[in-house]
Every structure is written in structure tokens, then in C-alpha cells.
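Below: one structure, written as C-alpha cells.
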Amino acid sequence: MSRFTQRRQFLRHGAALTGLAASPWALNLAQLGSAEAATTTDYKALVCIFLAGGNDAHNTVVPTDAVSWRCYAGTRDPVLRAQLAGTSLSSSDASTSLALPQSSLLSITHANKAGLNTGRTFGLHPQLKQIKQLYASGKAAIVANVGPLLAPMAKVDALDPSFPIPAKLYSHNDQTWTWQSFQPEGASGGWGGRLMDSLAASNANAVFTAVGAGGSGVWLSGNTVAPFQIGAAGTVTMGGESGTIMGNATLHQAVRIVANMTPSTADPFAADLARVTTRALSAELILKSALSSAFMAPWGTPGASSQASDPLLKYTNPNTGASTFNPLAAQLQMVARMIAARTNSRVGAKRQVFLVQLGGFDTHSNQLTQHADLLAKLDHAVGYFYNALGAMPDGVNMRSMVTTFTASEFGRALMNNGDGTDHGWGGHHFVIGDAVKGADVYGTYPQFLAFDGAGEFFSNDLLTGGVLLPNLSLDQYVYTLGKWMGVAEANLLSVCPNIQNFASTSRNIGFLG
């Protein structure tokens, strides 16, 4: 192994080795390479809300047209399934229904501009009240049945072992990496960072180009852009002040010594470590002065003593009725504060991507209760963030300049496995913001047709167990978001590795203006 290769591996894994993956140590020494001309005078940002664990899309956006509803309810409710089959319910089939009552769903209409969903009707999960309002007002859209594909694929192709399909489907780790980087676990960079490789020159300080406010993720790493990690409550202090994770006097002094090392030292590891530390300490100092208080409008409540006590960051738990701190809202509060800091001369951001995360979606059991609470958190956080963007401290309405979208490593199967669901493939996602061409469902929503009671469906969109065969590819989803950000066509063809396998007329899904 060459010294150069050893050094690059050291930089890539140094944060993990020191236990500081959520700190500015996650910065690496990547330098900006070929970037598009820095002529941007406006601001745009993408905010990815990653629903970790695999969100159950079937209970998020529910078909209510007669044939599809009969299949949905009959599949998810074992009692109704037995009734439809004209059989008695055996003890082995006894389980909790996962079918939401149709009367509880939040009915939505869709413009059907593309004519792909004629005759279809839909309802949202009852906890998605604010998202429903945003959708109805044209500020949110649904992108139906998205998933990783190497090329357009039909059900008959799924039965052909020679047809190319994405690697390691149904694996949490691998599909999380696939959704964030187009490759299974082990990829060196993600598509969020790669979109920004060609846009980072628009920013006065490239350090704040790709920001994680909810843990680390490969999505933020580009070929030249490096991720910047920040906690939901603020900067993580490397030197040990404020009693943070490096709040040990000896370690404090070690960091300062490293920062003062001569970058030109003969030892490449020491030189690189010195540069990384210096950059991280510099970023920390910039944000300490650039970030506005968490307890100021519009994202915070003046006088609140902590994030946990701030009423703006609390949602109502649908299972208990309690007003509870929402960690996803706290992450988005930090994103709002970072966006507000864009005009600071030492930040100078014109193009940014942000990653936040909500976990717990691996609902193999207790799904109705667990999923309701998770979607209540998502709904509250999305509504909170949209409101915060509407009146930033500088008086600018950022809602048309910031597009928020959901992602998850996979959807879940339609079949009920007891009181939960198994891993799937395709899923439905939300895109939110004033630039969104909202109040519509993009892509073809899956047809739910009769099934044989043993897990096989007559629908061309449902594989064994009710797994959704994606109709739209992840590449198309990314391509559409990248187009809105202003990424050049040539760069998009590089970022989206399979997009050239899809017709040029279908690459842009069209949900952004």
C-alpha cells in the first residue's frame, strides 16, 4: 500500500477511530476541484429528511379507489382477508390488523397533470395533518413508488435471474448506502455531496457546503466536497470548552498542540492532521459568531431555557396525548439557523445541502402504534420548519429557496407479518417547498389488484408479499432535485450513474419548477 493511499485511508477513517464522527473532525482535506463558475447570486438548498429503518409507504399514502382499497384492506386485515376468501380464520393467521380505517384517512385530491393516475383516489395517514395542508395549498407533492433501479423494469424482469437489479436489496445497511450513494455499503461518497462538487465554488467558505445536523451519512460526501457535522444543539467544541465530548484537560491540550503543528512537517499523517484540526477549529469559531441563538423567532421561543422545554419543538404523541420533545424538529432548527447564517461574510453560502434523520421505522412489530408516533414527529417537524423558513431574521422568505424531501432505505411489504411488516423495495416520498409543483402525485401510483391469499398479487406493481417494484428510479429522483439546484447536465449524468438507461424525456420527474 502506498504512502498516499495510507494517508487517504487515515483521513477517511480518522473520525471514526477517535470516536468523533459527529464533530468537525469529520472534515477531510478534500480540496475543491473542477467547479462550475461561481456566478450564483441567489440561494438554494436541499434538505434531506432520512427516515431510517424503512418507512411503510403503504400506510403513508393509501389508495382509496374501490379496487385498490379492497386489496389493501384485505391484505392488511387478516379477518377481512379470511372473509374475502370465504374461509375461517385459523389460529396461525390470527394477528393485528394493519389496515388503517378509511374514515381516518386525510383525503387528498391530485391534479393528475401527467395523466398517470386517472381514476385513482388517495388518503394520507391521519397523523400527516400539516403535510396534508401543505399539499392542498400546492406546497408539497407526492412522488410515488421510487426506488433504486439500474434500468426500467417490469414484473416479468423481476422473475428473470439474468435481468440486472440493484445489489443487496432488503438489507438495511446496504440500501441505506444505496439510497445515499447509489452503491451498497462501503461507497466513498454520496450523491448529495457530488451534486455540490460542481456548485461549491458559489460559496465563500466551502466548509459549510454539505452539512449534517442529524448524525453522519455518506450522502454528504462528494469527490471534492467534505461533510461538516454539527449537533442539533450547536457546534461540537473540539478543545473541551463547555464540557463537551472532548472535555478532558489533557485532550484539550493535545488538540491545541496538533493545531499548532507545522503543516509542512515531513510526516504526512501529522501534516494532514494539523490541517484538519486547524480547519475544524476555524469552522467552530466562525459558527460561534455566525449562528443566531436557538431561542429566537422564528425557530425558537424567546425565554426558553432549553430545546427540550421549547414549545415550538414539541409535538403531540398520538398514543399518549403528551406534548413531547421532537428531536427531528431540533435538527431542523439547526438547519434553519445555518440557513440564516448564510449571509455572514465568513459563511457566504449560496448553495447548500443538509441531512437530518429520524430513526425507528423498522416496524416488524407494533407497527400501527409505532408508525403513528413516527409520522406525527415527521409531520410536526415539516410544518415547524416550513413556518420557520417563512420569516427569517433578515426578513427574507426562504420557502421558495429551500426544498425539503424525504428518503428511506426502502418501503415495506403490503402483507401483514403479525403486527408488523417486512422489508420492501419501492416507497412513496414527500417533496415540500414553494418551488414544488404541488397538489399532485408524480409517477404512476401502484395498482392494487386481487391476490391469492398466499402472498402473490396479480398486479404488475406488486412482487411477492406485496413488495413494490419501483416505477420511478432513484436516479430520476436525484436528477430532478439536481436540475432544480442548477447542476449542469454533464455533471448530473455523472452523479446519477444509471440515468442514461432511462429515456431523456422521463429523467426529470417534473415536481420542481
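The values are calculated or read from the model by the stated rules, or taken from the named source; none is laboratory data. In this text, all values refer to a predicted model and were calculated from it rather than measured experimentally. Cβ sites come from the backbone with ideal geometry, for glycine too, and all protein chains shown count toward neighbours. Just so you know, the surface numbers come from the protein's heavy atoms only, side chains and all, with ligands and any DNA or RNA stripped out. Shrake-Rupley method; radii C 1.70, N 1.55, O 1.52, S 1.80 Å.
Quick notes
- Judged by the mean number of other Cβ atoms found within 10 Å, the most tightly packed of the peptides 389-400, 68-79 leads the ranking 68-79, 389-400.
- Portion, in percent, of the accessible area of region 322-459 that falls on carbon or sulfur, probe 1.4 Å: 51 percent
- Take each peptide in 478-491, 305-318, count the other Cβ atoms within 10 Å of every residue, and average; sorted highest first, the result is 478-491, 305-318.
- Ordering L150, T178, A206 by Cα displacement along the dipole of region 128-239 toward the positive end leaves A206 in first place; charges were set at the Cβ atoms of Lys, Arg (+1) and Asp, Glu (-1).
- For region 117-161: accessible area per residue (Å², 1.4 Å): 39 Å²
- Candidates L332, L358, A372 compared by Cα position along the dipole of region 328-388: farthest toward the positive end lies L332, with charges placed on Cβ.
- A viscosity of 1.306 mPa s and a temperature of 10 °C, combined with the Kirkwood radius over Cα pairs in Stokes-Einstein, give a translational diffusion coefficient for region 412-493 of 106 µm²/s.
- Per-selection Rg to Rh, region 131-193 - Cα, Kirkwood hydrodynamic radius: 1.11
- For region 369-396, the residues whose backbone nitrogen is under 18 Å from a point 7 Å from the Cα of A322, taken along Cα to Cβ, are 369-378.
- Heavy atoms of the protein chains alone define the surface here; on that basis region 295-452 has 30 Å² accessible area per residue at 1.4 Å probe size.
- Note, ³J(HN,Hα) from phi for region 142-158, Karplus 6.51, -1.76, 1.60, rounded to Hz, x at Gly and Pro: 10, 10, 8, 6, 9, x, x, 9, 8, 6, x, 9, 10, 4, 5, 5, 5
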